[in-house]
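Only one structure is covered here, and it is reproduced in the block below.
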Amino acid sequence: MKKEFQIVATAAAGLEALVGRELRDMGIDCQVENGKVRFQGGQEVFMRANLWLRTADRIKLVLGQFPAKTFEDLYQGVFAIDWQDYLPLGVQFPVSKARCVRSKLHNEPSVQAITKKAIVRKMQKVYARPEGVPVPETGPVFSIEVAILKDQVTVLLDTSGDSLFKRGYRTEKGGAPLKENMAAALVNLSNWFPDKPLVDPTCGSGTIVIEAAMKALNQAPGLQRSFAFEAWPWVDQALWKMVKEEAKAAKKTNLDLRIMASDLDGKMVSLAQENAKRAGVASSISFKQMRLQDFRTDLINGVIIANPPYGERLMDDEGVTRLYQEMGETFAPLKTWSKFILTSDSQFEEKFGSVADKKRKLYNGTLRVDYYQYYGERVRRSESES
Ligand code: SAH
């Protein structure tokens, strides 16, 4: 079996650099590209990436890269990969995805079928199985993907299983939830540090504050779920146990956080509270049923991160316009607070009543959104107290 792997972490458009930063913070050198970040390492590296990355989608191994303009090129290229290094006899190896972009080979189902055929033939050869009979496939799943971009084929093996945004703590979501890795990205893109107050005044199922608390407590986002690689026969189970034990021990306790979450809808507040409990961070967050228009505080230097209704989904246009106006009026007195608001509304700044210091284009699922960023005035503690 292989000792070193070419690895990619896939990410939503706009979040690649954040994944890169997370990897570098873990001491892993990497290259940021469109939609993905590349790095290298042994089993421990892909284990850690799965367990710790907050903003990535999936971790995949790159098994081969080669040019192909015909099905014969594709077949030969796939056949040439050392499949016996990855697939023991008896495992399932669905070619679950093919994606062709600007390439001669563009029929994705055929690309999947040819790839499957080439792997089966190689398995028959290396495991000395008869050619006419399919190899048995009953064991753990190794999900294979093929991506062809400008006639360059990349063959990948998914190590994650479910996408990494599925942390396992959120069973109830409400009407318009953010993906957990998107919520983590909003926290990473803000200027919040654990010593500052944090408020989400439209918390819904609580994703933003839960992700913020998990990060502040250095709690690994993947500790409550499983990954595809765990079932693979060649994976070093002792090593995996050690990586998980280390992660459990890394969680900070006794960190005094001032994180507040509220929502107009009492049902959402209870649901957010349940999710926080399952995530193990409930004691770090205070929840309250409240209209954002009623938010008042004497605290300074805080951060608001909000994902309010956009109109597309939860509210009519008039309601949204009024809500953004009232949001502007409510937040205006909070001079030292920074405000970060995610919305698809291109007229947000007019309605809110001020122009953002910075705007960042993101995607909430497939919906194009902007992250409007307003930085608070800096106040030194001594000034504010005098
Ligand atoms: N980020 C959340 C989803 C937020 S959806 C998640 O990941 O689950 C927007 C939320 O804003 C809804 O839960 C809705 O109840 C709430 N909301 C709408 N108007 C509000 C108001 N005036 N004050 C507070 N919350 C409001």
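Of the set (1) assigned by TED's automatic domain parsing to the domain that holds Pro309; (2) in contact (Cβ under 8 Å) with a residue 12 or more places away in the chain, all apply to Ala147 but (1). Do you know which residues across the range 357-386 are at pLDDT 80 or above, farther than 30 Å from Ser163 by Cβ and either touching a Pro at 6+ places or on another chain (Cβ under 9 Å) or assigned to a loop (DSSP other than H, G, I, E, B) (or both)? Of everything in the range 357-386, those that are at pLDDT 80 or above, farther than 30 Å from Ser163 by Cβ and either touching a Pro at 6+ places or on another chain (Cβ under 9 Å) or assigned to a loop (DSSP other than H, G, I, E, B) (or both) turn out to be Asp357, Tyr375, Gly376, Glu377, Arg378. Scoring Asn218 on the criteria (1) in a loop (DSSP other than H, G, I, E, B); (2) over 17 Å from Trp52 (Cβ atoms) leaves a single failure, condition (2).
The test for being surrounded by 14 or more Cβ atoms within 10 Å (Cβ to Cβ) and free of Cβ contacts under 8 Å to residues at least 24 places away in the same chain holds for Glu230.
Take the range 224-252 and flag every residue that is of a type outside the set (D, E, K, R) and either assigned by TED's automatic domain parsing to the domain that holds Arg278 or in a helix (DSSP H, G or I) (or both).
Start the filter on the range 224-252 by keeping residues that are of a type outside the set (D, E, K, R), which leaves 224, 226-229, 231-235, 237-240, 242-243, 247, 249-250.
Ala228, Phe229, Ala231, Gln237, Ala238, Leu239, Trp240, Met242, Val243, Ala247, Ala249, Ala250 - these are the residues of the range 224-252 that are of a type outside the set (D, E, K, R) and either assigned by TED's automatic domain parsing to the domain that holds Arg278 or in a helix (DSSP H, G or I) (or both).
Using the structure shown, decide if Leu342 is open to solvent by 10 Å² or more (accessible area, probe 1.4 Å) and of a type in the set (A, V, I, L, M, F, W, C). For Leu342, the condition - open to solvent by 10 Å² or more (accessible area, probe 1.4 Å) and of a type in the set (A, V, I, L, M, F, W, C) - is not met.
Quick one: is Leu178 out of contact with any Phe, Trp or Tyr (no Cβ under 7 Å at 6 or more places or on another chain), open to solvent by less than 10 Å² (accessible area, probe 1.4 Å) and within 12 Å of the ligand (Cβ to nearest atom)?
Numbers: out of contact with any Phe, Trp or Tyr (no Cβ under 7 Å at 6 or more places or on another chain): yes; open to solvent by less than 10 Å² (accessible area, probe 1.4 Å): yes; within 12 Å of the ligand (Cβ to nearest atom): yes.
For Leu178, the condition - out of contact with any Phe, Trp or Tyr (no Cβ under 7 Å at 6 or more places or on another chain), open to solvent by less than 10 Å² (accessible area, probe 1.4 Å) and within 12 Å of the ligand (Cβ to nearest atom) - is met.
Scan the range 18-33 for residues that are part of a strand (DSSP E or B) and either farther than 23 Å from Ala183 by Cβ or small (Gly, Ala, Ser) (or both) and the total you get is 2. The set of residues from the range 279-335 being touching a Pro at 6+ places or on another chain (Cβ under 6 Å) and of a type in the set (Phe, Trp, Tyr) comprises just one member, Phe295. Of all residues in the range 186-211, those satisfying the criterion of being part of a loop (DSSP other than H, G, I, E, B) and either near the ligand (Cβ under 8 Å from one of its atoms) or open to solvent by 40 Å² or more (accessible area, probe 1.4 Å) (or both) are Asn191, Phe193, Pro194, Asp195, Lys196, Pro201, Thr202, Cys203, Gly204, Ser205, Gly206. Pairing each residue of the range 106-121 that is over 12 Å from Val155 (Cβ atoms) with any residue that is small (Gly, Ala, Ser), provided the two are 6+ apart or on different chains, yields C-beta distances under 8 Å for Glu108/Ala98; Pro109/Ala98.
Look at Tyr324 and say whether it is within 15 Å of the ligand (Cβ to nearest atom) and outside any loop (DSSP other than H, G, I, E, B). Yes: the conditions hold for Tyr324. Hey, among the residues in the range 285-303 that are touching a Lys or Arg at 6+ places or on another chain (Cβ under 9 Å) and part of a loop (DSSP other than H, G, I, E, B), which one's least open to solvent (accessible area, probe 1.4 Å)? It comes out as Gly302.
Check the range 216-234 and report whether any residue there is over 30 Å from Gly139 (Cα atoms) and within 16 Å of the ligand (Cβ to nearest atom). Within the range 216-234, none of the residues are over 30 Å from Gly139 (Cα atoms) and within 16 Å of the ligand (Cβ to nearest atom).
Return the residues of the range 149-185 that are at pLDDT 95 or above and either part of a strand (DSSP E or B) or polar (S, T, N, Q) (or both); say none if nothing qualifies. Within the range 149-185, Leu149, Gln152, Val153, Thr154, Val155, Leu156, Leu157, Asp158, Thr159, Ser160, Ser163, Asn181 meet the criteria.
Of the strands (runs of 3 or more DSSP E) that lie entirely inside the range 34-148, those containing 3 or more residues that are under 25 Å from the mean Cα position of the chain (by Cα) span 36-41, 58-67, 95-101.
For the range 273-308, the tally of residues that are within 19 Å of Tyr374 (Cα to Cα), in contact (Cβ under 8 Å) with a residue 40 or more places away in the chain and near the ligand (Cβ under 10 Å from one of its atoms) stands at 6.
Being crowded, with 18+ Cβ neighbours inside 10 Å, modelled with pLDDT under 95 and farther than 11 Å from Thr202 by Cα is a property that Val320 has.
In the set (1) crowded, with 16+ Cβ neighbours inside 10 Å; (2) at pLDDT below 95; (3) more than 24 Å from Val269 (Cα to Cα), Thr253 fails one condition alone, (1).
The values are calculated or read from the model by the stated rules, or taken from the named source; none is laboratory data. Just so it is clear, the structure is predicted and the values come from calculations on it, not from any experiment. So basically every Cβ, Gly included, is an ideal-geometry build from the backbone, and we count neighbours across all protein chains shown. Ligands, DNA and RNA are stripped out before the accessible areas are found, and what is left, the full protein with its side chains, is counted by its heavy atoms. Shrake-Rupley method; radii C 1.70, N 1.55, O 1.52, S 1.80 Å.
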